[in-house]
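Novice: Before we start, here is the structure in question, set down as C-alpha cells.
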Amino acid sequence: MTSTAMKKKVLLMGKSGSGKTSMRSIIFANYIARDTRRLGATIDVEHSHVRFLGNLVLNLWDCGGQDTFMENYFTSQRDNIFRNVEVLIYVFDVESRELEKDMHYYQSCLEAILQNSPDAKVFCLVHKMDLVQEDQRDLIFKEREDDLKRLSRPLECTCFRTSIWDETLYKAWSSIVYQLIPNVQQLETNLRNFAQIIEADEVLLFERATFLVISHYQCKEQRDAHRFEKISNIIKQFKLSCSKLAASFQSMEVRNSNFAAFIDVFTSNTYVMVIMSDPSIPSAATLINIRNARKHFEKLERVDGPKHSLHMRMR
C-alpha cells in the first residue's frame with residue numbers, strides 16, 4: 001500500500017478561541033498547558049502532517065474560527081475543505097455566549113460533510129470543562145451531548161468533555177486516533193496473546209511521540225477507569241522534563257508490594273507498559289519477554305505485516 005493511501009485527512013474546526021490550536025499543540029507539538037497561552041489565533045487553515053505509527057500520516061487541517069473564515073469554508077472553499085475527510089473534530093467552548101451561532105456553524109459543517117465526505121466520523125469536544133463548577137459538569141455535558149447528537153442526525157457523533165489541564169484531552173484524542181489505525185484489530189489480538197503468554201495483569205501500547213494509548217489488554221479488572229489517560233499525561237510530562245535536561249526517556253520500572261509496572265521502548269513508534277502482580281516472575285524475565293516481542297510488533301506496524309498471531313516461549 002502506498003504512503004499516499006495511508007494519509008488520513010482530519011478537520012479540526014470550531015469558533016475562534018474555543019481551544020483548537022492549544023489542544024493540537026499539547027498532543028502533537030509537546031506543549032505544556034500553561035505555554036499554550038502564548039499561541040495566537042489561527043489564520044485561515046494551518047496544515048500539518050503528523051506521522052503516526054510509521055505508515056499512518058494524519059493530514060491535520062486546523063481551521064481558524066473567525067466568522068469571515070467560517071463563511072468562506074462553506075462557500076468558496078467548500079469542496080477543498082470538506083472533500084476526502086476521514087474525521088471531523090468540532091470543538092465547542094462550554095462557556096461560549098454565542099451558542100446559537102456555534103450550533104449554526106456546526107450544522108453547516110455537517111451539511112458540507114454529508115455532501116462531500118458522507119463516511120467521515122464526527123467527534124464533538126465540549127472543551128474548557130475546567131471552567132465549569134465540578135458539581136455541574138456531568139449535567140452540563142449531558143445536556144450539550146444530547147443537543148449535539150440530535151443536531152447531528154443522520155450522522156452519528158461521539159462527544160467528549162475535555163480540558164487542557166487534565167487527562168480528559170488524552171482520552172478524547174486516543175479514542176479519535178484509535179478509529180484511524182488501519183490494522184487495530186490485528187494489533188489488539190497480538191497484544192492479548194502477548195499479555196496472556198507473559199502472565200501480565202495488563203498491557204498498554206502508547207504511540208511514541210504523543211503517548212496516546214492506541215491499544216490495551218487487561219486480564220484483571222482495574223479500579224481506575226481513567227488510568228490510561230492519567231499515565232499518558234504523567235509520562236509525557238516526565239519525558240518533556242527529561243528533554244529540558246538534555247536527557248532522553250527510555251524505560252522505567254515502578255514496584256511496590258502489590259505490583260510491578262514496566263514502561264519500555266517497544267517498537268520504533270511505540271512504548272509498552274506491562275503490569276505484573278505475580279511476585280514469582282522476576283523483572284529480568286519480563287524485560288526479556290518485552291525484548292523478544294519487539295520484532296513481531298515491528299512487523300505488525302507495516303500494513304503488509306504478518307497475518308499470524310504472536311507465539312513466543314516464556315523465559
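The values are calculated or read from the model by the stated rules, or taken from the named source; none is laboratory data. Small disclaimer: the values here were computed from a predicted structure and weren't measured. Using ideal geometry, Cβ is built from the backbone for each residue, glycine included, and neighbour counts are taken over all protein chains shown. Calculation scope for accessible area: heavy atoms of the full protein, side chains included, ligands and nucleic acids excluded. Shrake-Rupley method; radii C 1.70, N 1.55, O 1.52, S 1.80 Å.
Novice: Per DSSP helix of 4 or more residues, -39500 (n - 2.57); summed, then divided by the residues of the chain. What does that give at 222 nm, rounded to the nearest 500?
Specialist: Details: 9 runs with 117 residues, N = 315.
My calculation for the chain gives -12000 deg cm²/dmol from helical runs alone.
Novice: Please give the per residue accessible area of the stretch 116-184, computed with a probe of 1.4 Å over protein heavy atoms only, in Å².
Specialist: Details: 3420 Å² over 69 residues.
Ligands and nucleic acids excluded, the figure is 50 Å² per residue.
Novice: For the chain, with all protein chains present and a 1.4 Å probe, just round the carbon and sulfur fraction of the accessible area to a whole percent.
Specialist: 48
Novice: Here's a follow-up. Send over the per residue convex hull volume for the chain, Cα only, as a whole number of Å³.
Specialist: Numbers: hull volume 47.2 nm³, N = 315.
So the per-residue hull volume is 150 Å³.
Novice: Separate question: Could you tell me which residue out of Ser248, Val132, Leu114 lies farthest along the dipole of the chain toward its positive end? Charges go on the beta carbon: Lys and Arg +1, Asp and Glu -1, centred on the Cα centre.
Specialist: Result: Ser248, furthest along the dipole toward the positive end.
Novice: Let me ask something else about it. How big is the shadow of the Cα convex hull of the stretch 165-315, averaged over all directions, in nm²? Numbers along the way, then the final one.
Specialist: Details: hull surface 37.7 nm².
Mean projected area of the Cα convex hull: 9.4 nm².
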